[in-house]
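What follows is one structure encoded as structure tokens, with my remarks underneath.
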Amino acid sequence: MPGATPILRENPMPQLLLPIFPDAVTPIKELLSVGKQDGQVVYFHGLLPVFSHAEEDLATFRMITAQFIAQGHLRVVDVSRAFGVPALSVKRALKRYRQEGPKGFYVPPRRRGPAVLTAGVLKQAQVLLDDGQAVSRVATELGIKSDTLSKAVRAGRLRVPAAKGTCAVVSSTKSERSALDSAAPMGVGASHVEARVAASVGGLNAVAPQFQAAVDVPRGGVLFALPALLAVGLLEGCEELTLPPGYYGIDSLLMLIAFMALARLESVESLRTCAPGEWGKLLGLDRIPEVRTLREKIGLLSQDDHAEKWSADLCRRWMAAAPEQAGILYVDAHVRVYYGEQTKLPRHYVARQRLCQRATADYWVNAIDGQPFFRVTQSVDPGLIKVLEGEILPRLERDIPGQPSAEVLAAEPLRHRFTLVFDREGYSPELFKRLKARRVACLSYRKYPGDDWSPEEFVDGTIALRSGERVRMRLAERGTLLGGCQFAAH
């Protein structure tokens, strides 16, 4: 037609694009053209209209264009350019026309029905749930997976009635909590306005935790460790750690620090990338304190050696609770690399990296089963012998329960207070002599063992391990004179 402008469009992407129908008559090929009139798409052969359909009728458009191509009037590229649809979509329509004919474009799509949770199974499951049975038991009785049944409950296809005399618990989702935290009037997650205002004017010592039902809480698995944390006495004696009145109490701060360690957050700064409201749900609060506030609280706890005294009291309670484990203690040193820049620490040799780096030396004192009692940190490491005599031994002589009295030690020359086990770094005949004078036994390795012992010296023996298992080993024993004192070598 005169004055008509062809519309040429190319879109090779295999995605659903609606066809573009021109208002004026537009030629598609020599004798075939298309136009749009009053919401109807009309196809012309020359000047004669041959077919029409509604503009929004996508199925008929695909059928007629596929028919034109199958009859040889058009090519795939002609339809793609004229209507701006992907060539792949045109090819799919042509394939359907050749396989199923025009009726194939009007058949409803075949969808796979439920293979497990059919209508009959859902009906049986709902009857069992209404009888008060648990989801896991219903799944076992019907022979399906518990996860499949739980998914149907969450999707609303099944309903779990509330127990008699109780109300149904409504759990908040992560998206719902995120929207509420963003709209909090006093900052992200700070929704307890009254308690925060009371704490700011000195009318509240600490807010009481209040837990709520919630789903999809990040790192919620740390709550499984809560009974263990309480069992080892994390909150025992925490009243000795005093803080000024405020919104966050000492118990909430200790739990937060413990959860950070379980979540493997290496520093307080790591909390900047965490959602404060979600972490607050783990503590029964609206949100956790800001990093700056948490640093101030930790600084107050560290003043006047309050934290060290609280840790020492906690260690004494552990020893008193298991006196049989406090009789033999392992002392071991570990190098902890310092990656900061605020303190210029001396360099230590790090064996696992084979480098000398700025670090501190941590001396751990553990029970016979490996449970830690306490640790001593040395920025400038004087060595195991000096730390052992200067800091560890005085504390053990004061805190270990059940030590023999002075009268018993005087009456029994071979009786000792307790036993220390350490590696060859502590090998020193002079140290052994001083420990013997303090009635402390020790087990260590000889730094200069010399030649191998003769195999004839070894005899078969049965050893009872701490687990109760008895194993057979070949053992030998010699007496050794070191620094004027007699010692046993094995």
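The values are calculated or read from the model by the stated rules, or taken from the named source; none is laboratory data. Values in this document were obtained by computation on a predicted structure and should not be read as measured data. Every residue, glycine as well, gets a Cβ built from its backbone with ideal geometry; the counts of neighbours run over all protein chains shown. Side chains included, ligands, DNA and RNA excluded: accessible areas come from the protein's heavy atoms. Shrake-Rupley method; radii C 1.70, N 1.55, O 1.52, S 1.80 Å.
What figure in square angstrom, to the nearest 10, would you give for the accessible area of Lys123 with a 1.4 Å probe?
150
Quick one: helix 87-100 against the long Cα principal axis of the chain, what's the angle to the nearest 10°, folded into 0 to 90?
It is inclined by approximately 70 degrees.
Residue separation times 0.36 nm, minus the C-alpha to C-alpha distance between Leu230 and Ser311: what's the value?
Contour length minus Cα-Cα distance gives 27.7 nm.
Based on alpha-carbon positions alone, could you give the equivalent ellipsoid semi-axes of the chain from the gyration tensor, as √(5λ), descending, whole Å?
78, 32, 28
Using heavy-atom solvent-accessible surface (probe 1.4 Å) with all chains present, what is the largest-first order of Cys356, Cys315, Cys274?
Cys356, Cys274, Cys315
Could you put Glu477, Glu266 in order of accessible surface area, largest first, with the 1.4 Å probe and the full protein assembly present? Walk me through the intermediate numbers first.
Values: Glu477 120, Glu266 180 Å².
Result of the area sort, largest leading: Glu266, Glu477.
Per DSSP H run of n ≥ 4, the term is -39500 (n - 2.57); total these for the chain, divide by its residue number, and report the mean residue ellipticity at 222 nm rounded to 500 deg cm²/dmol.
Result for the chain: -9500 deg cm²/dmol, rounded to the nearest 500.
Leaving out ligands, DNA and RNA but keeping every protein chain, what accessible area does Ser172 have, in Å² rounded to the nearest 10, with a 1.4 Å probe?
Surface accessible to solvent at Ser172 totals approximately 30 Å².
Taking the chain as the reference, fit the longest principal axis to its C-alpha atoms, fit the long axis of helix 291-301 to the helix C-alpha atoms, and give the angle between the two in degrees, 0 to 90, nearest 10.
For helix 291-301, the angle is close to 10 degrees.
Exceeding 31 Å between C-alpha atoms, which entries from my cross-link table qualify? They are Lys309/Lys386; Lys103/Lys123; Lys309/Lys436; Lys145/Lys174; Lys95/Lys145.
Among Lys309/Lys386; Lys103/Lys123; Lys309/Lys436; Lys145/Lys174; Lys95/Lys145, the Cα-Cα distance tops 31 Å for Lys103/Lys123; Lys95/Lys145.
Would you mind telling me the share, in percent, of accessible area of the stretch 189-290 contributed by carbon and sulfur at probe 1.4 angstrom?
Carbon and sulfur: 58 percent of the exposed surface of the stretch 189-290.
Separation between the Val25 and Thr273 pseudo-spin-labels, each 7 Å from Cα along Cα→Cβ, expressed in nm?
Spacing of the two 7 Å Cα→Cβ label points: 6.6 nm.
Using label points projected 7 Å from each Cα along Cα→Cβ, tell me how many nm separate Leu88 and Val215, to one decimal.
Inter-label distance under the simple model: 3.5 nm.
Would you check the accessible area of Met319, probe 1.4 Å, heavy atoms only, in square angstrom rounded to 10?
Met319 exposes around 0 Å² with every protein chain in place.
How many nm separate the modelled label positions at Leu265 and Arg154, each set 7 Å beyond the Cα in the direction of the Cβ?
That separation, rounded to one decimal, is 2.5 nm.
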